[in-house]
Amino acid sequence: MSLLFKSGFLLILILAAPSCSKSQIKNSGQKMSIDFYRTDLSSPISIEPKIYKIKASGETVEIPDALIEEYDGGYHYRFLNSQKNSRLKSSFSKTALWKIKWKTEIDSSLIPWYVLTNNDRIVIQNENGWELFDESGKKISSGPRSDGNIGIDKINNIFYENTFNGLLHARQLSTGKNQFQIYPYFGKGYERTVLSASEKNILVHGFELPVMTHDSPIRPAEYSILETIDLGSLKEIDEDGMLSSAFQKQVLVCRSSKPLIATVGEKVVFAVPDHIFFMDEKLEVSTDLQENFIPVSLSLDELMNIYVVVKILKENNEEKIALWVISKEGNLISNTELKDLKETVIVPPVIGFDHTVYIILNQRIIAVNSSGKIIWDKMMAGVVGGAAITPDNRLLVAEGNLLTSIDKAGERNFIYDFENESLLTQPLVNEKGEIIIASNNFLYCIEPKK
């Protein structure tokens, strides 16, 4: 069955499906039940995961320092990797003065969201599209995109972007030209992101966009889709540019609020209110961690420990915000209340190689050690455009027009003043120890002075 036919068939089922309230997982302590489906959205599938209540084990857990990852060409997903932990693969000079190696103009009418790299290519995703550059800052190509995050397939040297016609486009990193396209489940009307890519398979997440009509209220988004697509031979492209060898290996549909998702290899962590689900490479739900909470932001470490900022409703209807660090067995390794937060935590927790956690706020950063103790809480010099952690555990921070680093003790060191520019993206460090970052007007590469 072709991708196009299956997608259309499933869409018909969705439009005809009644609202389902019964879950195949029942727990009297939970406020919200979650249903999963394959292709028949009128019947939730039966799943039998291991169910654990999230709770403190009463034992002190020491997490060993993470090994430094081998540099593999760059940073391929938003927040640097599919675990969303903002770990850099290279360090930079601690004492050197810095200078601009090159800068190049970007589309100043569009706000840059983040920068990705792979070997000699740099991709900027902005609010409505993308721009492609070489390693010297020369612009190669640009184009529009639809809702969702661009991701790089480092093995096949392509990047994926969601399009307005409901197709996933795979574009050549060398030129920016479209190499092939795939029709995913549900097609148009979904925010869609490639979460991870291997030599032949991609894992894709789609979340329904709100439906607006002229004569009725906005219907809120409720469907979330995970699908594993086998690309087959990348050379089997038909006259319409479709990758004819591609086929869906598995699909899983969830009816819930927008989930938080991160992956380690082919393992998926999927968080929705009151549940954190683990899924294997076949999108089978293997584990369900349960408690009463709303997930706000989430990232993973190399051991699949979960770092999640949660919102909890107290008995007096006041909200409590906390950082939970949870093992894959549901043991609450640490529980740190985050007080006096005046804004929502949007950025996933940054996880140091020593497992210090950094909570990034609009103009404030909170550092929490591996035992759950707040070790410093600092206001920044300006709005934090992004932050990332080096292998030697220095936090590289874009704050206003300044680029700084902060060590574990909270001591800030100046790196570079971009003067009238506002730094808007997470800084990257390449294999040479150079720093790449985008402002509202330019893409920069800075290097140590010799």
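FYI, it's all coordinate maths here, none of it is from the lab. In this text the structure is predicted, and so the values were computed from the model without any measurement. With ideal geometry, Cβ positions are generated from the backbone for all residues, glycine too; neighbour counts draw on all protein chains shown.
Straight-line reach from LYS103: which aspartates and glutamates fall under 18 Å, measuring Cα to Cα and dropping same-chain residues less than 8 apart?
Partners found: ASP120, GLU131, ASP134, GLU135, ASP417, GLU419, GLU421, GLU434, GLU447.
Using 31 Å as the Cα-Cα cut-off, could you pick out the over-long pairs in LYS138/LYS235; LYS53/LYS89; LYS200/LYS373; LYS101/LYS154?
Numbers: LYS138/LYS235 29 Å; LYS53/LYS89 35 Å; LYS200/LYS373 43 Å; LYS101/LYS154 25 Å.
Long pairs (Cα-Cα over 31 Å): LYS53/LYS89; LYS200/LYS373.
Explain nothing, just the number: relative contact order of region 271-329, from Cα pairs under 8 Å at least 6 residues apart, as a whole percent.
Dividing the mean separation by the residue count of region 271-329 yields 24 percent.
Relative contact order for the chain using alpha-carbon pairs under 8 Å, separation at least 6, rounded to a whole percent? Write out the running numbers ahead of the final one.
Values: 1146 pairs, mean separation 75.0, N = 450.
With pairs under 8 Å counted, the relative contact order is 17 percent.
Using just the helices of the chain, give the 222 nm mean residue ellipticity in deg cm²/dmol: DSSP H runs with n ≥ 4 each add -39,500 (n - 2.57), and the total is spread over all residues, rounded to 500.
Result for the chain, helices only: -1000 deg cm²/dmol.
Check the straight Cα-Cα distances from LYS311 and name the aspartates and glutamates below 16 Å, setting aside those fewer than 8 residues away within the same chain.
Filter leaves ASP274, GLU291, GLU319, GLU337, ASP340, GLU343.
About its Cα centre, what dipole magnitude does the chain give when the only charges are +1 on Lys and Arg Cβ and -1 on Asp and Glu Cβ, stated in debye to the nearest 20?
320 debye
May I ask you to list the aspartates and glutamates whose Cα is less than 19 Å away from that of LYS282, ignoring any residue fewer than eight positions away on the same chain?
Reachable aspartates and glutamates: ASP35, ASP40, GLU48, GLU199, GLU227, ASP230, GLU266.
Please work out whether region 296-417 counts as rounded, prolate or oblate from its C-alpha gyration tensor, where a ≥ b ≥ c are the square roots of the eigenvalues and a/c under 1.5 means rounded, while otherwise a/b larger than b/c means prolate and anything else oblate?
Oblate.
Can you give the charge dipole size of region 93-189 about its Cα centre, rounded to the nearest 20 debye, using +1 on the beta carbon of Lys and Arg and -1 on the beta carbon of Asp and Glu?
280 debye
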